[in-house]
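Beneath this line is the structure, given in structure tokens, with notes to follow.
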């Protein structure tokens with residue numbers, strides 16, 4: 001995530017001693033639960049500050065669900081806490097939302113009390129000092145304006161709008177009809193305060209317009225809400241199976257990205273995949289279809305710049321067909337697309353013998369693309385935790 005001054009913010013979990021350049025971060029050698037790190041780097045990659053938070057509970061699962069920076073440089077962090085503390089403030093175990101000052105001081109902590117599970121999957125600044133939170137839950141939760149209930153045995157999607165003090169402005173919840181699920185995986189806010197949400201659903205769901213119905217296990221969707229949370233439009237990629245896990249907004253454009261298998265039609269053109277492939281679909285602000293591209297790679301994260309251009313990141317197995325020259329070895333890719341037709345402006349690839357994962361991308365005011373992600377690490381037998389990974393930050397010139 002890039003701050004207004006060009007600094008780069010990252011948040012992640014770690015399970016072994018860690019030093020980002022400012023000295024070893026706190027580490028509890030007794031606990032096998034994940035630790036949490038939040039760090040701020042200069043545009044050139046110099047560490048400004050880093051906080052390592054140790055877990056109070058030995059086996060509680062910790063997770064980073066979303067990171068956002070508002071116009072004042074405050075850092076909003078959401079996820080699942082293992083009972084962390086930072087200074088004199090606590091992040092109680094369970095789902096949380098926290099605001100840190102630009103200097104990294106923990107200023108506010110917000111919880112969503114209730115029963116069942118709740119996952120925060122994405123955050124987005126709303127342009128007024130507040131933040132919009134998206135995710136899914138089961139059971140019963142109090143989102144600040146109302147107690148919301150998910151149908152028994154189902155997961156429902158939620159979106160909550162909070163002001164700069166962490167107080168709820170409004171919340172919305174969507175549940176599937178009969179047996180099914182709805183999950184919100186990404187959120188973005190345009191310059192007019194419009195809220196865009198993407199994710200997946202199974203069964204049938206009504207977001208406020210015509211009902212959407214699928215026979216697939218999961219079908220991608222995108223929807224727009226007004227600044228007050230009212231339904232504006234909702235769309236799905238009917239006929240295909242997958243999830244819309246990324247969203248970005250530009251001038252009169254909303255870009256939706258994710259992965260799919262099967263077939264969907266966009267502006268009457270078919271997009272077909274016999275296995276998991278990536279897609280990017282562009283709508284205008286009124287929900288009209290503009291263009292779509294599908295390709296042999298994942299579409300993990302999207303970002304736009306001041307020119308409205310779209311930056312896309314993901315991984316591929318060697319069959320990348322976004323315009324990279326030659327047979328690029330398997331690994332990571334970063335691509336920039338034209339907002340009007342999706343044509344590739346440039347594509348960079350980075351080979352890796354492991355399975356890289358691009359988790360996020362942002363573009364600063366100078367047009368530099370900043371990518372954060374993880375690389376799989378090969379460990380000998382007997383590693384104390386599964387699937388060890390190393391994190392990375394990558395900054396590319398415009």
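The values are calculated or read from the model by the stated rules, or taken from the named source; none is laboratory data. Note that the structure is a prediction, hence the values are computed from the model and not measured. Positions of Cβ are backbone-derived with ideal geometry, glycine not excepted, and every protein chain shown enters the neighbour counts.
Values as computed for the structure displayed
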{"item": "Sole exception among (1) crowded, with 24+ Cβ neighbours inside 10 Å; (2) closer than 22 Å to residue 112 by Cβ; (3) more than 19 Å from the chain's Cα centre (by Cα) for residue 169, by number", "result": "(1)"}
{"item": "Which listed residue is at pLDDT 90 or above and more than 22 Å from residue 159 (Cβ to Cβ), from 87, 65, 78, 45", "result": "45"}
{"item": "Scope region 17-56; condition free of Cβ contacts under 8 Å to residues at least 12 places away in the same chain and either in contact with a strand residue (DSSP E or B) (Cβ under 7 Å, 6 or more places away or on another chain) or over 21 Å from residue 394 (Cα atoms) (or both); matching residues", "result": "17, 23, 24, 29"}
{"item": "Subset of region 257-288 (residues that are surrounded by fewer than 20 Cβ atoms within 10 Å (Cβ to Cβ) and touching a residue at least 24 places away in the same chain (Cβ under 8 Å))", "result": "262, 263, 265, 266, 267, 276, 284, 285, 286, 287"}
{"item": "So residue 185, is it assigned to a strand (DSSP E or B), closer than 19 Å to residue 279 by Cβ and touching a strand residue (DSSP E or B) at 6+ places or on another chain (Cβ under 9 Å)", "result": "yes"}
{"item": "Qualifying position, being under 20 Å from residue 227 (Cα atoms) and not in a loop (DSSP other than H, G, I, E, B), among 135, 129, 180, 144", "result": "135"}
{"item": "Strands (runs of 3 or more DSSP E) (entirely within region 1-72) containing at least 3 residues that are more than 22 Å from residue 374 (Cβ to Cβ)", "result": "none"}
{"item": "One residue from 96, 112 being closer than 23 Å to residue 157 by Cα and outside any strand (DSSP E or B)", "result": "112"}
